[in-house]
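Worksheet for the structure shown next.
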Amino acid sequence: MSWLAFAIGLILAVIGIGGAIALASSSAQPWDPELTDNLIFAKSLPFILGFGILSGLARAASDRWVTERRPDGAIRRFSPGTALNHWINALGFLIAITTGSVQYLIGVADATLPFPLFWVYRLHFIGASLMVYSAALFVTHRLITGDTRLLPGRGEWIRHFRGLAHELPRPLGNVVAGVLGLDLRREPPPVGQFTYYEKAFSFPVWVLLLGLIIVTGLLKAMRYVAPIPGEVLWWASALHVAAMILLAAKFLDHLRYVLAPSRWPLLRSMVQTWVSQEYVRLRHPLWFESVQREERGPAPGGVGSAPEPARGGPHVAGGSGP
């Protein structure tokens, strides 16, 4: 059923986007290439969103609720579907932010390019389409599975901020501790499947900024196919540029974090999906303890049991589906 939902979404997306291209490219519409691409993108959006939603349904239907292990003891940190969706979004993000920056800079400098400007817009819409698809898939999957492992639980924010302060470079960690009144002389809390930086800062900031740039971008794209007040468009444009600048800064911070030698195994896990047992034991002791309890299973005689799956969803949201 998961592959069927994915196939239906793909077929409908191909038909819908193909129809939008045919309509916008017909001789009955004497538009220039920039406006044509904008209209194709705007008319394709329902199909891109629908494909993303059906893909999210397919992923949710194929989830496994157990931790996966390799014979060498390595533990799966991300499902193949999660890793693939991350790189789809990353590709769209890099295309969109690069072309968006070019549009902004040539506008400010009143400069011209050595090639037609519509190619910049065309690539921008392609990048935006990948981001919209990825976001629709991710949100649908998380809403259905209730998987909130990348966010602190209720009543856990102070502990996560204390863990974050310990993980940040010392000067910045001291600032966070000072603002929040945290005592860094206490031992840092043990790390689970995701670090405190990822849960208390990185993921929430990504969600906020990506959500802002996608929503404002959609409003800007829809202005040629739906009546949108000029004041709304002005704010959408201003917030779109602000989100782009903040995302560029967040991307540099992300590179600082993931390219640190001590975290290379986590970066590889976003490609290979696995982390070595020894790395998990040393760097993510709370997660390692949870995996061990799960593998031991219920205690003899039915007294005690393996822990519940990670709060809000399976230990590994994945499986054989798309």
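Can you name the residue in segment 95-149 that is more than 15 Å from the chain's Cα centre (by Cα), not in a helix (DSSP H, G or I) and not acidic (Asp, Glu) and, of all such residues, is modelled with the highest pLDDT?
Selected residue: Gly146.
Any residue in segment 112-126 that is within 9 Å of Asp37 (Cβ to Cβ) sitting within a Cβ distance under 8 Å of a residue that is among the acidic types (Asp, Glu) and assigned to a loop (DSSP other than H, G, I, E, B)? List the pairs, counting only those 6 or more apart or interchain.
Listed pairs, sorted by first residue: Phe118/Asp32.
How many residues does segment 46-78 contain that are out of contact with any His (no Cβ under 6 Å at 6 or more places or on another chain), outside any helix (DSSP H, G or I) and of a type outside the set (D, E, K, R)?
Step one: of segment 46-78, the residues out of contact with any His (no Cβ under 6 Å at 6 or more places or on another chain) are 46-55, 57-58, 61-66, 68-78.
After this cut, where a residue has to be outside any helix (DSSP H, G or I) as well, the list is 62-66, 68-78.
Filter once more, keeping what is of a type outside the set (D, E, K, R): 62, 65-66, 71, 73-75, 78.
Matching residues across segment 46-78 total 8.
Determine which member of the set Ser202, Ser237 is among the small types (Gly, Ala, Ser) and within 23 Å of Val271 (Cβ to Cβ). Before you say what the answer is, go through the steps one by one.
On the way: Ser237 fails: within 23 Å of Val271 (Cβ to Cβ).
One residue alone meets the criteria, Ser202.
Among the residues of segment 216-226, are any in contact with a Phe, Trp or Tyr (Cβ under 6 Å, 6 or more places away or on another chain), in a helix (DSSP H, G or I) and farther than 30 Å from Ala74 by Cβ?
To start, the set of residues in segment 216-226 that are in contact with a Phe, Trp or Tyr (Cβ under 6 Å, 6 or more places away or on another chain) comprises 221.
Now restrict to residues that are in a helix (DSSP H, G or I): 221.
Okay, now just the ones that are also farther than 30 Å from Ala74 by Cβ, so 221.
Yes: one or more hits.
Scan segment 292-300 and tell me whether some residue there is modelled with pLDDT of 85 or more, part of a helix (DSSP H, G or I), under 25 Å from the mean Cα position of the chain (by Cα) and of a type outside the set (S, T, N, Q).
Filtering segment 292-300 down to residues modelled with pLDDT of 85 or more leaves 292-294.
Pick out the ones that are also part of a helix (DSSP H, G or I) and you get 292-294.
From the residues that got through so far, the ones that are under 25 Å from the mean Cα position of the chain (by Cα) too are none.
No, segment 292-300 contains no residue that is modelled with pLDDT of 85 or more, part of a helix (DSSP H, G or I), under 25 Å from the mean Cα position of the chain (by Cα) and of a type outside the set (S, T, N, Q).
Only one of Leu208, Leu259, Leu247 is closer than 25 Å to Asn85 by Cα, surrounded by 18 or more Cβ atoms within 10 Å (Cβ to Cβ) and either in contact (Cβ under 8 Å) with a residue 60 or more places away in the chain or of a type outside the set (Lys, Arg) (or both); which? Working first, answer last.
On the way: Leu208 fails: surrounded by 18 or more Cβ atoms within 10 Å (Cβ to Cβ); Leu259 fails: surrounded by 18 or more Cβ atoms within 10 Å (Cβ to Cβ).
None of the other options fit; the residue is Leu247.
The values are calculated or read from the model by the stated rules, or taken from the named source; none is laboratory data. Just so it is clear, the model here is predicted, and its values are computed rather than measured. Every residue, glycine among them, receives a Cβ derived from its backbone with ideal geometry; neighbour counts consider all protein chains shown.
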